[in-house]
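K.L.:
Quick one: this structure, given as structure tokens, is what I'll be asking you about.
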Amino acid sequence: NEMISRECEDDTIVGYSENIRTAGNTLLGIVNDILDFSKIEAGKLEIIPVEYDLSSVISDLVNMVKTKVDDKRLRLNLDIDRNIPKFLYGDEIRIKQIVTNILTNAVKYTETGYVALNVFFKKINEESIKLCVSVEDTGIGIKEEDIKKLFSAFERIEEKRNRSIEGTGLGMNITRRLLNMMGSDLNVQSVYGEGSEFSFELEQPVINWHELGDFEESLRNALSQRKK
């Protein structure tokens, strides 16, 4: 399918190819969710901390969600604390997976308005911080009685209303369990019909206190360099 996308000039076939790519990515997401869920259930999923660059993690998250946001003509609002330490120690792959799940859900259930990614920190001591992440949206919101269902495996809230939205009902369950494995939890605040906010705080050792700086400016510079 990648070869067709690259080499074919027929618009109709390229359109079919794009549909295959989207369906393939959806299927891959479902398979990965089921595999992760199975690993967690079997106690085989490990948290592997490494030194990582927080700006690189945020950049990957923004690049991942930007296309989805643009496709739905939503706004992506970023509020990244410029004073946050740039180099941390933790499982960057699982952190990206957690925030990706939350961002993807926010876009899925938002038809107008915005999705916002906020990243800031609380200093614990000279060696570590609390990495604070929240995702806000102006989506459909969640009824208070349905918030517990959000974390149940293979259960989706308001199945009838949301039947056209793809998903396995595993994403939030996996997200919460990954956070629990790292000593944190996922907090949810929502007003039905108005929007939701998902947030967590994660203790991370600091490699050095070099500040991240103006993320949006560095992102714009990186994009303009890429276009050249």
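Read-outs: derived from the displayed coordinates by stated rules, not from any lab. Keep in mind that this is a model prediction, so the values were computed, not measured. Cβ sites come from the backbone with ideal geometry, for glycine too, and all protein chains shown count toward neighbours.
K.L.:
What does the extension gain come out to for GLU111 and ILE34, with contour length at 0.36 nm per residue minus their alpha carbon separation?
P.N.:
25.0 nm
K.L.:
How many percent of DSSP beta bridges within the range 34-141 run antiparallel, rounded to 5?
P.N.:
If I count the DSSP bridges inside the range 34-141, around 70 percent turn out antiparallel.
K.L.:
Under the Karplus relation 6.51 cos²θ - 1.76 cosθ + 1.60, θ = phi - 60°, what is the ordered set of whole-Hz ³J(HN,Hα) values for the range 132-143, x standing for Gly and Pro?
P.N.:
Each residue's phi maps through the Karplus curve to give 10, 10, 9, 10, 10, 8, 10, x, 6, x, 10, 5 Hz.
K.L.:
So, one more: As a test, work out the antiparallel percent of DSSP beta bridges whose residues both lie in the chain, rounded to the nearest 5.
P.N.:
85 percent
K.L.:
According to a simple spin-label model (label point 7 Å from Cα along Cα-to-Cβ), what is the distance in nm between ILE147 and LYS130?
P.N.:
1.8 nm
K.L.:
Follow-up question, since we're still on this one. Take the Cβ-Cβ distance between GLU46 and GLU203 as r, set R0 to 25 Å, and report the resulting FRET efficiency rounded to the nearest 0.05.
P.N.:
Taking R0 as 25 Å, the efficiency between GLU46 and GLU203 is 0.90.
K.L.:
If you don't mind, there's one more thing I want to ask. Of the labelled options [x] 58, 51, 38; [y] 45, 43, 33; [z] 48, 36, 35, which one gives Cα extents along the principal axes in Å as computed for this structure?
P.N.:
Only one listed value fits the structure, namely [x].
K.L.:
Separate question: Explain nothing, just the number: relative contact order of the chain, from Cα pairs under 8 Å at least 6 residues apart, as a whole percent.
P.N.:
23 percent
K.L.:
With label points built 7 Å along Cα→Cβ from the Cα atoms of ASP214 and SER56, find their separation and express it in nm.
P.N.:
2.4 nm
K.L.:
Tell me which aspartates and glutamates have Cα within less than 18 Å of LYS72's Cα, excluding those fewer than 8 residues away on the same chain?
P.N.:
Partners found: GLU18, GLU111, GLU136, ASP137, GLU166, GLU194.
K.L.:
Now for a separate question. For the range 4-51, run through the trypsin sites (Lys or Arg not before Pro) and keep only the ones in DSSP coil with at most 11 other Cβ atoms within 10 Å of their Cβ.
P.N.:
LYS44
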